[in-house]
1. If residue 131 passes every condition in (1) in a helix (DSSP H, G or I); (2) modelled with pLDDT of 95 or more; (3) out of contact with any helix residue (DSSP H, G or I) (no Cβ under 9 Å at 6 or more places or on another chain) but one, which one does it miss?
2. Take the stretch 26-47 and flag every residue that is surrounded by 17 or more Cβ atoms within 10 Å (Cβ to Cβ) and more than 14 Å from residue 90 (Cβ to Cβ).
3. Would you confirm whether any residue within the stretch 44-60 is farther than 18 Å from residue 108 by Cβ and within 13 Å of the chain's Cα centre (by Cα)?
4. Looking only at the stretch 60-117, count how many residues are in a strand (DSSP E or B) and surrounded by fewer than 13 Cβ atoms within 10 Å (Cβ to Cβ).
């Protein structure tokens, strides 16, 4: 299993009138977590795209436990628990600066050929890097 941690401070523009992080902004936090986990493996989204594979989100499930607020320092824990085939699953936990779990989610991304936009298997070079990291 791979676990990547990323920290982000909630900006005022990310909050709603109640002072809570607007629910739609959590997807951006998950993106930060995925980017961090990819870098931890030793590869980036940019490299994936340069090698002809894109990874759009297929599904996202979210559980809001307690609100994040302006200026909170959040820790995004991103988990990769298994090797992908044509889809890659990520799980997330977001904690506030008090160590309280405030949000859980999971996303599934699909490996797509940049050339013809059809699903493909995870690239072998990427799988080898994942195996080393796990």
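1. Among (1) in a helix (DSSP H, G or I); (2) modelled with pLDDT of 95 or more; (3) out of contact with any helix residue (DSSP H, G or I) (no Cβ under 9 Å at 6 or more places or on another chain), the lone unmet condition for residue 131 is (2).
2. 43
3. So the first thing to find is which residues in the stretch 44-60 are farther than 18 Å from residue 108 by Cβ, and the list is 44, 46-47, 49-52.
From the residues that got through so far, the ones that are within 13 Å of the chain's Cα centre (by Cα) too are 44.
Yes, because at least one residue in the stretch 44-60 is farther than 18 Å from residue 108 by Cβ and within 13 Å of the chain's Cα centre (by Cα).
4. First, pick out the residues of the stretch 60-117 that are in a strand (DSSP E or B): 60-64, 69, 73-80, 87-95, 101-110, 112-113.
Then keep just the ones that are surrounded by fewer than 13 Cβ atoms within 10 Å (Cβ to Cβ); that gives 61, 63, 113.
Matching residues across the stretch 60-117 total 3.
The values are calculated or read from the model by the stated rules, or taken from the named source; none is laboratory data. None of these values were measured; they are calculated from a predicted model. We place every Cβ from the backbone using ideal geometry, glycine too, and count neighbours over all the protein chains shown.
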